[in-house]
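What follows is one structure encoded as structure tokens, with my remarks underneath.
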Amino acid sequence: MPIHFASCSRRRFLGATALLGGGLLPRFGASAAASDAESFAILSDTHIAADPDKVLRETNLCANLKAVVAEVKAMTASPSAVLLNGDAALNEGQVGDYEQLLTQLAPLLGSSAPPLHIGMGNHDDRANFRAVVKPGTPTLIESKHVALVEGRHVNWFLIDTLRVTNKVEGELGEEQHRWLDAALKAHADKPAIVVGHHNPQFLPAPQPDNAESTTVKVTGLVDTEAFITLLEGHRHVKAYVYGHTHTWAHQKRESGLHLINLPPVAYVFQKERPNGWVEVTTTPATASFRLHALDKKHPEEGATIDLPLGRS
Ligand SMILES: [Zn+2]
């Protein structure tokens, strides 16, 4: 998924985590150091336009991102990485959208900032993004932009589900499927969380007698079955984290795999749902996902999903 900033090299990321291991970071309190906790910030669906005053569905897009950036910047435990999980741009991933995105993200950039990984959603355009952002880290496979972020307690596998810009559905694809399978196998010693833009969408079994009536529009991953089978084939994969539907939600499959749907930074489709971002705190025992709603009075503000990281 992601295209990475030059300052986000793996070398630098590992350097930051090594420091945390020493318990020397002044922003970490004694209790955090003792529990060996590590933090991450995850954003999704910012939908930034070139126009900083752009309003869509009664939402000022830049104002929302500005508020989230300020909250991430103010995190008590400085994150080891910040992830923006796709649909960074408004609709078609235009050059001006990404220029404005960089302006809005400026407080999270710079030499002392944690690595920032930006993934591709269906409203992004890889070529335009590359032209503006000039990512420093090459992708690991040709067809997609993927990455592995090695945390202290969890490895994050960042995948790219963009299929066609401004078409709603997404795809893992064969090359990325092979890469993910091999990468998960090669890193089976630590719990894994996979992060991509599109939601899984299981289709009803085809009915040969009445094929037309069972046609369902695919808005999620077109290769959901193969993808989820792949994840469930690796017992150390604890969760798939995605955006796209603009709805904060969580479910656990029978296999034990958690599906975590991120809230959008931008607009919601149902106005009672929260928008905002998610803070993740990992320890040897747990990955805890905490909602930071933009509306601090929202009933789900502070809601937390705890994933056990122990062997299952
Ligand atoms: Zn979106």
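Would you tally the residues in segment 94-109 being away from the ligand (no atom under 16 Å from the Cβ) and either open to solvent by 30 Å² or more (accessible area, probe 1.4 Å) or of a type in the set (Ser, Thr, Tyr) (or both)?
Within segment 94-109, residues that are away from the ligand (no atom under 16 Å from the Cβ) and either open to solvent by 30 Å² or more (accessible area, probe 1.4 Å) or of a type in the set (Ser, Thr, Tyr) (or both) number 7.
Taking the criterion of being aliphatic (A, V, I, L, M), in contact with a Ser or Thr (Cβ under 8 Å, 6 or more places away or on another chain) and without any contact (Cβ under 8 Å) to a residue 60 or more places away in the chain, would at least one residue in segment 192-201 satisfy it?
No: segment 192-201 contains no residue that is aliphatic (A, V, I, L, M), in contact with a Ser or Thr (Cβ under 8 Å, 6 or more places away or on another chain) and without any contact (Cβ under 8 Å) to a residue 60 or more places away in the chain.
Could you count how many residues in segment 256-272 are of a type outside the set (A, V, I, L, M) and under 14 Å from residue 244 (Cα atoms)?
The total comes to 6.
Looking at segment 59-93, which of its residues are of a type in the set (S, T, N, Q), within 15 Å of the ligand (Cβ to nearest atom) and either part of a strand (DSSP E or B) or over 28 Å from residue 220 (Cβ atoms) (or both)?
Passing the criteria: only 59.
Of all residues in segment 254-279, count the ones that are at positive phi and open to solvent by less than 10 Å² (accessible area, probe 1.4 Å).
Of the residues in that region, 1 qualify.
Does segment 110-135 hold any residues that are over 16 Å from residue 46 (Cα atoms) and either within 16 Å of the ligand (Cβ to nearest atom) or loosely packed, with under 13 Cβ neighbours inside 10 Å (or both), and which are they?
Matches in segment 110-135: 110, 111, 112, 127, 131, 134.
Whether any residue in segment 80-93 is farther than 21 Å from residue 264 by Cα and either touching a residue at least 40 places away in the same chain (Cβ under 8 Å) or surrounded by fewer than 22 Cβ atoms within 10 Å (Cβ to Cβ) (or both) is what I want to check.
Checked against the condition, which is being farther than 21 Å from residue 264 by Cα and either touching a residue at least 40 places away in the same chain (Cβ under 8 Å) or surrounded by fewer than 22 Cβ atoms within 10 Å (Cβ to Cβ) (or both), segment 80-93 yields at least one hit.
Of the residues 286, 219, only one is open to solvent by 30 Å² or more (accessible area, probe 1.4 Å), under 22 Å from residue 56 (Cβ atoms) and either within 19 Å of the chain's Cα centre (by Cα) or touching a residue at least 60 places away in the same chain (Cβ under 8 Å) (or both); which?
Criteria check complete, one pass: 219.
Does residue 123 satisfy the criteria of being in contact with a helix residue (DSSP H, G or I) (Cβ under 8 Å, 6 or more places away or on another chain) and not hydrophobic (A, V, I, L, M, F, W, C)?
no
List the strands (runs of 3 or more DSSP E) inside segment 224-311, counting only whole elements, that have at least 2 residues being within 16 Å of the ligand (Cβ to nearest atom) and more than 29 Å from residue 182 (Cα to Cα).
276-282
Consider residue 225 against the criteria (1) at pLDDT below 95; (2) touching a Phe, Trp or Tyr at 6+ places or on another chain (Cβ under 9 Å); (3) acidic (Asp, Glu): it satisfies all of them except one. Which criterion is unmet?
If we test residue 225 against (1) at pLDDT below 95; (2) touching a Phe, Trp or Tyr at 6+ places or on another chain (Cβ under 9 Å); (3) acidic (Asp, Glu), just (1) comes out false.
Quick check on this structure: which one of 174, 225, 169, 150 is over 24 Å from residue 289 (Cα atoms), open to solvent by 10 Å² or more (accessible area, probe 1.4 Å), touching a residue at least 40 places away in the same chain (Cβ under 8 Å) and among the acidic types (Asp, Glu)?
That would be 169, the only listed residue that is over 24 Å from residue 289 (Cα atoms), open to solvent by 10 Å² or more (accessible area, probe 1.4 Å), touching a residue at least 40 places away in the same chain (Cβ under 8 Å) and among the acidic types (Asp, Glu).
Quick one: residue 37 ticks every box in (1) at pLDDT 95 or above; (2) under 24 Å from residue 196 (Cβ atoms); (3) surrounded by 16 or more Cβ atoms within 10 Å (Cβ to Cβ) bar one, so which box is it?
(2)
Just to check your reading of the model, which residue among 93, 121, 151 is closer than 24 Å to residue 261 by Cβ, out of contact with any His (no Cβ under 9 Å at 6 or more places or on another chain) and at pLDDT 95 or above?
151
Taking segment 40-57 as the search range and keeping residues that are within 16 Å of the ligand (Cβ to nearest atom) and of a type outside the set (A, V, I, L, M, F, W, C), which one is surrounded by the fewest Cβ atoms within 10 Å (Cβ to Cβ)?
57
The values are calculated or read from the model by the stated rules, or taken from the named source; none is laboratory data. Just so we're clear, the structure is a prediction, and the values are computed from it rather than from any experiment. Reconstructed Cβ throughout: ideal geometry from the backbone, glycine too, with neighbour counts over all protein chains shown. These accessible areas exclude ligands, DNA and RNA; they are computed on the full protein's heavy atoms, side chains included. Shrake-Rupley method; radii C 1.70, N 1.55, O 1.52, S 1.80 Å.
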